[in-house]
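Asker: I'd like to ask you about the structure that follows.
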Amino acid sequence: MKLAKSLGSVGGLTLASRVLALGRDSLQATYVGAGFASDAFLVAFRLPNMFRALFAEGAFNAAFVPMFNRKVAEGDGLPAGLAFAQAVLSVLLPVLILATAAMLVAAWPLTYLLSGGFNDPAPEQFAYAVTLSRITIPYLLLISIVSLLGAILNSLDKFWVNAAAPILLNVAMVVALLWFHGPDPYATARAQAWAVTAGGALQLGWLLFACHRAGVSLRPRRPRLTPDVRRMLRLIVPAAAGAGAMQVNLVISTALSGKLLDEGSISYIYYADRLNQLPLGLIGIGLGTILLPTISRQLGRKDDAGAMDTQNRGIELALLLTLPATIAFLTVAEPIIRALFQHGAFGADDTIRCAQSLAAFSLGLPAYVLIKVLTPGFYAREDTRTPVRFAMWSIVVNIVLNLALIPTIAHVGPPLATAVAAWINVAMLYVALRRRGHFALDRQLTHRLPRFAAAALMMGVALFFADRLVAPWTTGAVLTRVIGMGALVGAGCVVYALACLATGAFRLADLRALLRRRAA
């Protein structure tokens with residue numbers, strides 16, 4: 001129940017950020033559409049997004065948090081942990097400055113790599129895409145420092161502070177769209193690129209303020225590669241690949257789409273992925289953020305049984321919340337896309353293609369979340385190499401499937417390949433943990449899994465028929481769309497809740513226990 005409460009705090013803020021991001025994407029679809037300007041911005045935005053996921057949500061937490069917690073437990077408490085953090089910052093900052101400068105110089109090949117060179121663009125179009133990349137690259141430096149400060153606050157159980165930071169990025173991008181859009185989609189996309197870097201500055205300011213309030217103060221010193229810093233750097237490289245397999249797969253899919261598919265395909269895949277990221281951000285990132293410090297502390301106390309129970313409850317929460325999202329995206333993807341994006345420069349044909357991509361992405365949604373739940377079982381034991389081996393295999397699978405599927409099912413191929421690769425990654429992570437004796441499904445989880453699936457299928461049937469009733473409300477004025485989507489989502493939630501109670505997937509006793517603990 002403590003895990004559910006922490007997830008509620010982190011997940012609520014992540015949900016607010018993702019809902020704001022959906023509003024941002026809806027405005028972008030209206031003002032920029034799904035043409036080359038949109039594709040160019042999304043490629044420029046892909047690098048900061050990937051780096052944020054690899055570094056902020058993956059590698060840095062995986063390497064830093066267990067070591068920070070061990071320093072606090074074995075040393076002089078928090079001061080020992082902060083001394084380690086300060087040594088890390090002193091090395092990290094100059095490296096980041098040099099890396100950012102190098103990427104600014106190498107923006108042309110980076111843009112080509114991420115886009116596959118697009119599909120035979122005019123020279124001035126590609127130059128425009130390179131310009132957008134140069135504008136967004138400084139975000140990487142800013143978000144890396146944010147990651148360090150956020151990891152410290154997560155280790156102090158102040159999860160909500162770091163979870164609130166992405167809201168500021170979305171606020172900056174929404175403001176840019178509302179105030180600086182115009183008839184030229186290229187100018188609007190350029191304003192969005194500037195907003196990305198401005199949002200990174202806002203996030204850094206927020207984390208600095210929160211750290212000051214928490215009594216955390218770091219002052220960079222002369223860089224020194226202490227044994228602890230060396231160990232963390234050795235851990236961080238494989239952790240980046242292991243935690244970021246999904247992001248790497250998306251980059252590969254984007255590059256192949258830009259090279260092999262028609263104009264607009266990158267945008268279809270992006271908008272579908274943004275919707276797919278809503279439950280992933282709410283559940284997967286929240287669980288990953290909470291589980292790593294929790295499990296590392298339990299293992300530090302030699303409480304292996306407690307760590308295994310925490311992971312079981314993490315999987316239980318993950319599937320309770322992701323299975324209905326998967327069924328919903330498979331059943332009513334088109335009305336969801338229509339209500340959110342079909343207006344302005346985004347037409348009916350765009351809606352159909354984007355909905356097809358969303359349905360394919362959703363097949364891997366439980367897998368994307370389970371990766372976030374299973375990898376802390378390795379990272380908490382300071383094993384960052386095993387997940388990277390599995391991630392490499394999933395990337396190979398993704399490339400092979402992309403090359404096989406794009407010529408046959410076009411824009412549906414990349415998201416379907418990513419979903420299959422994610423499930424293969426999950427299978428390898430689970431088998432490895434089980435063989436080592438670090439994880440096994442407990443009786444409560446095996447009892448509830450089929451009931452979660454049955455409840456989600458019942459909800460899917462209800463949504464299939466409800467869609468016919470609310471279809472006229474998914475177009476037209478904004479208020480009409482809000483009412484239509486609210487009715488569809490509300491009906492799905494009610495049916496799923498009732499189905500969980502009817503099948504025994506969730507009991508009234510669980511709800512009463514949760515309410516009692518919240519009151520206490």
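Asker: Can you give the FRET efficiency for residue 453 and residue 233, using 1/(1 + (r/R0)^6), R0 = 51 Å, r = Cβ-Cβ distance, to the nearest 0.05?
Answerer: On the way: r = 43 Å, r/R0 = 0.83.
My answer for the efficiency is 0.75.
Asker: Once label points are set 7 Å from the Cα along Cα→Cβ at both residue 221 and residue 461, what is their separation, rounded to one decimal in nm?
Answerer: The two pseudo-label positions are separated by 6.7 nm.
Asker: While we're looking at this one, here's another question. If you take the beta carbon distance between residue 444 and residue 487 as r and set R0 to 30 Å, what does 1/(1 + (r/R0)^6) give as a FRET efficiency, to the nearest 0.05?
Answerer: Working: r = 34 Å, r/R0 = 1.14.
Approximately 0.30, to the nearest 0.05.
Asker: As an exercise, use a Förster radius of 25 Å and the Cβ-Cβ distance of residue 392 and residue 86 to find the FRET efficiency, rounded to the nearest 0.05. Show your work: numbers first, answer last.
Answerer: Details: r = 34 Å, r/R0 = 1.34.
Efficiency for this residue pair is about 0.15.
Asker: Work through the residues other than residue 357 whose Cβ is under 12 Å from its Cβ and net out their charges, Lys, Arg +1 and Asp, Glu -1. It would help to have the intermediate numbers written out before the result.
Answerer: Numbers: positive: 274, 353; negative: 273, 334, 350.
With Lys, Arg at +1 and Asp, Glu at -1, the neighbours total -1.
Asker: Another question, if that's okay. So how much slack lies between residue 187 and residue 494, counting 0.36 nm per residue of separation and subtracting their Cα-Cα distance, in nm? It would help to have the intermediate numbers written out before the result.
Answerer: Working: separation 307, 0.36 × 307 = 110.52 nm, distance 4.35 nm.
Contour length minus Cα-Cα distance gives 106.2 nm.
Asker: In nanometres, what is the gap between the two model label sites at residue 480 and residue 403, each 7 Å from Cα along Cα-to-Cβ?
Answerer: With each label point 7 Å from Cα toward Cβ, the separation is 4.8 nm.
Asker: Still on this structure, I have one more. Quick check: pseudo-label points 7 Å beyond the Cα along Cα→Cβ at residue 179 and residue 108, how many nm apart are they?
Answerer: Those two pseudo-labels are separated by 3.5 nm.
Asker: For residue 33, enumerate residues with amide H under 5 Å from its amide H, sequence gap 5+ or separate chain, H modeled in the peptide plane.
Answerer: Close amide H contacts, sequence-distant or interchain: 345.
Asker: Quick one: net charge of residue 315's neighbours, Cβ under 15 Å, K/R +1, D/E -1?
Answerer: Around residue 315, the charge tally is +3.
Asker: So what J values fall out for the range 194-206 if you push phi through Karplus, 6.51 cos²θ - 1.76 cosθ + 1.60 with θ = phi - 60°, rounded to Hz, Gly and Pro as x?
Answerer: Going residue by residue, I get 4, 5, 4, 5, 4, x, x, 5, 5, 4, 5, x, 5 Hz, with x marking Gly and Pro.
Asker: Something else: Each residue of the range 460-472 in turn: what ³J(HN,Hα) in whole Hz from Karplus with 6.51, -1.76, 1.60 and θ = phi - 60°, glycine and Pro shown as x?
Answerer: Once θ is set to phi - 60°, the couplings for the range 460-472 become x, 4, 4, 5, 4, 7, 5, 4, 4, 7, 9, 3, x Hz.
Asker: Would you mind ranking 124, 316, 382 so that the residue whose beta carbon has the fewest other beta carbons within 10 Å leads the list?
Answerer: Values: 124 7, 316 22, 382 18.
The order, fewest Cβ neighbours first, is 124, 382, 316.
Asker: Another question, then. Under a Cβ-Cβ cut-off of 13 Å, what is the net charge of the residues other than residue 442 that fall near it, where Lys and Arg count +1 and Asp and Glu count -1? Display every interim value, and only then the final one.
Answerer: Values: positive: 313, 434, 443, 448; negative: 309, 316.
So the environment of residue 442 carries a net charge of +2.
Asker: I'd like the Karplus ³J(HN,Hα) series for the range 325-337: coefficients 6.51, -1.76, 1.60, θ = phi - 60°, whole numbers in Hz, and an x wherever there's a Gly or Pro.
Answerer: Values per residue, Gly and Pro as x: 5, 4, 5, 5, 5, 6, 8, 10, 4, 5, x, 5, 5 Hz.
Asker: For residue 19 and residue 349 in one chain, what is 0.36 nm times their gap in residues minus the Cα-Cα distance, to one decimal in nm? If you can, show how the numbers build up before the last one.
Answerer: Details: separation 330, 0.36 × 330 = 118.80 nm, distance 2.42 nm.
Extra length from residue 19 to residue 349 when fully extended: 116.4 nm.
Values quoted throughout were computed directly from the atomic coordinates according to the rules given, and no laboratory measurement underlies them. Everything numeric here is computed off the predicted structure, so don't read it as measured data. Glycine gets a Cβ as well: all are built from the backbone with ideal geometry, and neighbour counts include every protein chain shown.
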